[in-house]
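Asker: Can you keep this structure in mind? I'll have questions shortly.
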Amino acid sequence: MVCKLCNLEHKSIWHYEDEYFVVCDCKKCRVPMIVLKRHDTELTPYESQRLIELLTKFAERKRVSFVRRSIPDHWHMHIRTSRRIE
Ligand SMILES: [Zn+2]
Ligand SMILES: [Zn+2]
């Protein structure tokens, strides 16, 4: 099966992109999500460091959800506003 997160389309709004991550809107949940560009479940130490920088930029004072309900084998994270409860 083709992994949806490996084949991210530019159909939703992309907020940010670098060589490690993409921050784009999740069409299903209608919140931004951070997606790792590699197909993996774990971040390298360097990627974790980059993630912290991204979180201070995009997720300040917001709840983040590590729950990967629909695509468990590709690392991604939803940035939920405080009103939404996971
Ligand atoms: Zn989603
Ligand atoms: Zn993937």
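The values are calculated or read from the model by the stated rules, or taken from the named source; none is laboratory data. Note that this is a predicted model, so its numbers are computed, not measured. So basically every Cβ, Gly included, is an ideal-geometry build from the backbone, and we count neighbours across all protein chains shown.
Asker: Looking only at residues in the stretch 1-31 that are closer than 21 Å to residue 72 by Cα and in contact with a helix residue (DSSP H, G or I) (Cβ under 9 Å, 6 or more places away or on another chain), which one is surrounded by the most Cβ atoms within 10 Å (Cβ to Cβ)?
Answerer: Taking the stretch 1-31 first, the residues closer than 21 Å to residue 72 by Cα are 1-9, 12, 20-31.
In the following step, the residues that additionally are in contact with a helix residue (DSSP H, G or I) (Cβ under 9 Å, 6 or more places away or on another chain) were identified as 20-21, 23.
Values: 20: 17, 21: 22, 23: 20.
Applying the filter and picking the extreme gives 21.
Asker: Report, ordered by the first and then the second residue, all pairs with beta carbons closer than 9 Å, sequence separation of six or more or different chains, a first member in the stretch 30-44 that is in contact (Cβ under 8 Å) with a residue 60 or more places away in the chain, and a second member that is more than 10 Å from ligand 2 (Cβ to nearest atom) and of a type outside the set (Phe, Trp, Tyr).
Answerer: Going by the 9 Å Cβ cut-off, there are no qualifying pairs.
Asker: Taking the stated definitions as given, is residue 18 among the acidic types (Asp, Glu), at pLDDT 80 or above, out of contact with any His (no Cβ under 7 Å at 6 or more places or on another chain) and within 16 Å of ligand 1 (Cβ to nearest atom)?
Answerer: no
Asker: Using beta carbons and a limit of 7 Å, which pairs, at least six apart or on different chains, have the first residue in the stretch 47-62 and in contact (Cβ under 8 Å) with a residue 24 or more places away in the chain and the second one assigned to a loop (DSSP other than H, G, I, E, B)?
Answerer: That search, which allows pairs on different chains as well, returns 47/20; 50/20; 51/43.
Asker: Among the residues of the stretch 39-54, is there at least one that is within 16 Å of ligand 2 (Cβ to nearest atom) and crowded, with 16+ Cβ neighbours inside 10 Å?
Answerer: yes
Asker: I'd like the residue in the stretch 66-86 that is at pLDDT 70 or above and in contact with a strand residue (DSSP E or B) (Cβ under 8 Å, 6 or more places away or on another chain) and, out of all such residues, is nearest to ligand 1 (Cβ to nearest atom).
Answerer: 78
Asker: Are any residues in the stretch 27-56 away from ligand 1 (no atom under 16 Å from the Cβ), within 23 Å of residue 11 (Cα to Cα) and basic (Lys, Arg), and if so, which ones?
Answerer: Within the stretch 27-56, 37, 38 meet the criteria.
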